[in-house]
Amino acid sequence: MKILILGAGAVGGYWGARLHQAGVDVTFLLREKRAETVRRDGLVVKSPRGDATLPVKVVTKASDGGPYDVIILACKAYDLDSAMDAVAPAVGASTTIVPILNGHAHFASLDARFGADKVAGGLARISGMLGPNGEILHSGASGVSFGERGGKPVRAALVELDAACKKAGIEGGLNPDIDQDLWDKWIMLGSIASMCSAMRGSVGDIMASEDGEAIMNEILDECRQVATAAGHAPSEKALAAVRGSLTQKGGKAVASILGDMEKGGPVEGKQIVGDMLARARKAGIAAPNLRFAYAHLQTYEARRARGALK
């Protein structure tokens, strides 16, 4: 099986590095500057599970080495259009695309471009960030989840990818109910991204405020209602786990969207929060906290667009 991974950031880079170590045929599609660094220094991983410097295969054009059996899209949601253009030359008759973007909005675009039969569901729960020299600083969780959307029969490529992940020590893998898993993650992400961006702090910071816990629970319930209206209500166990994580006193959890804002960079506000709010409105669900959080993110984007951030 030949795998192409778009991007070598904290998520795609870590996943691909471990697959490479396990002997899987992995190629990274990178921009010129990142490609030059990785070719020169190798793909550098620093992790509690073992450091590594790997001489991985790198291309800057998807047509090189293609077509591929599996293409993993590990990019930010706002880069989807350019990502689709980049990988298009690598898509063959039997290629499976596994996007691990946040939210759900990307599926409509991918289905329209490549056909729904080529697009699987996928998500990652990998904790980490890029260091100052492009090294992958992995800090904890290393799980991925992928599967057929809509309960379709599982194709051979996903079975083989699951086997490769198990060989590489990657947790999770093939999920027969990827649709529910995608919604469960979005419920969590919609809540924490909204709160961390609007409150400008970590879960612990928010819980230190008088009404932080109450507001977090309110916004979590708004997201739960949206999922339920879509036919994907979370289980009590899943909801309790999310609630426990998002209301932990002194909790260090923080949404990456806050870090993007603090750097003055682009954010996935539309895909994570805006789309959740749009679905709430369509279902007739009152979502005042999502409404406030998205207005906050849109205001940030407006200031960024006119160069007002310092």
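The values are calculated or read from the model by the stated rules, or taken from the named source; none is laboratory data. Because the structure is predicted, anything quoted here is derived from the model rather than measured. Backbone-built Cβ (ideal geometry, glycine too); neighbour counts: all protein chains shown. Ligands, DNA and RNA are stripped out before the accessible areas are found, and what is left, the full protein with its side chains, is counted by its heavy atoms. Shrake-Rupley method; radii C 1.70, N 1.55, O 1.52, S 1.80 Å.
Brief remarks on what is shown
- Residue that is surrounded by the most Cβ atoms within 10 Å (Cβ to Cβ) [pool: residues in the stretch 234-263 that are within 20 Å of the chain's Cα centre (by Cα) and more than 19 Å from residue 125 (Cβ to Cβ)]: 261
- Look at (1) assigned to a helix (DSSP H, G or I); (2) β-branched (Val, Ile, Thr); (3) out of contact with any Gly (no Cβ under 6 Å at 6 or more places or on another chain) and you find that residue 272 fails only one, number (3).
- Subset of the stretch 5-42 that is in a helix (DSSP H, G or I) and among the basic types (Lys, Arg) - its residue that is surrounded by the fewest Cβ atoms within 10 Å (Cβ to Cβ): 40
- Search result, residues across the stretch 269-284 that are surrounded by 18 or more Cβ atoms within 10 Å (Cβ to Cβ) and out of contact with any Phe, Trp or Tyr (no Cβ under 6 Å at 6 or more places or on another chain): 269, 270, 271, 272, 275, 276, 279, 280
- Exactly one residue out of 88, 62 is over 29 Å from residue 184 (Cα atoms), of a type outside the set (S, T, N, Q) and open to solvent by less than 10 Å² (accessible area, probe 1.4 Å), and it is 62.
- Pairs, first farther than 15 Å from residue 218 by Cα in the stretch 229-251, second open to solvent by 30 Å² or more (accessible area, probe 1.4 Å) and in a helix (DSSP H, G or I), C-beta under 6 Å, six or more apart: 232/180; 234/184; 238/184
- Hits in the stretch 67-76 - residues which are surrounded by 19 or more Cβ atoms within 10 Å (Cβ to Cβ) and touching a Lys or Arg at 6+ places or on another chain (Cβ under 8 Å): 68, 70
- Here the stretch 167-226 is the region considered, the condition is being part of a strand (DSSP E or B) and of a type outside the set (Gly, Ala, Ser), and the residue that is most open to solvent (accessible area, probe 1.4 Å) is 171.
- In the stretch 46-95, the residues that are part of a strand (DSSP E or B), β-branched (Val, Ile, Thr) and more than 19 Å from the chain's Cα centre (by Cα): 53, 58, 59, 91, 95
- Test: residue in the stretch 285-295 that is in a loop (DSSP other than H, G, I, E, B), out of contact with any Cys (no Cβ under 9 Å at 6 or more places or on another chain) and not basic (Lys, Arg): yes
- Test: residue in the stretch 153-162 that is under 27 Å from residue 48 (Cβ atoms), part of a helix (DSSP H, G or I) and open to solvent by 10 Å² or more (accessible area, probe 1.4 Å): yes
- Within the stretch 43-59, tally of residues that are surrounded by 15 or more Cβ atoms within 10 Å (Cβ to Cβ) and over 18 Å from residue 169 (Cβ atoms): 4
- Yes/no for residue 58 being aliphatic (A, V, I, L, M), closer than 15 Å to residue 29 by Cβ, touching a Lys or Arg at 6+ places or on another chain (Cβ under 7 Å) and in contact (Cβ under 8 Å) with a residue 24 or more places away in the chain: yes
- Neighbours by Cβ (under 7 Å, 6+ apart or cross-chain): first from the stretch 282-298, under 11 Å from residue 198 (Cβ atoms); second in a loop (DSSP other than H, G, I, E, B): 297/267
- A residue that is open to solvent by 20 Å² or more (accessible area, probe 1.4 Å), part of a strand (DSSP E or B) and under 23 Å from residue 275 (Cβ atoms) occurs nowhere in the stretch 132-141.
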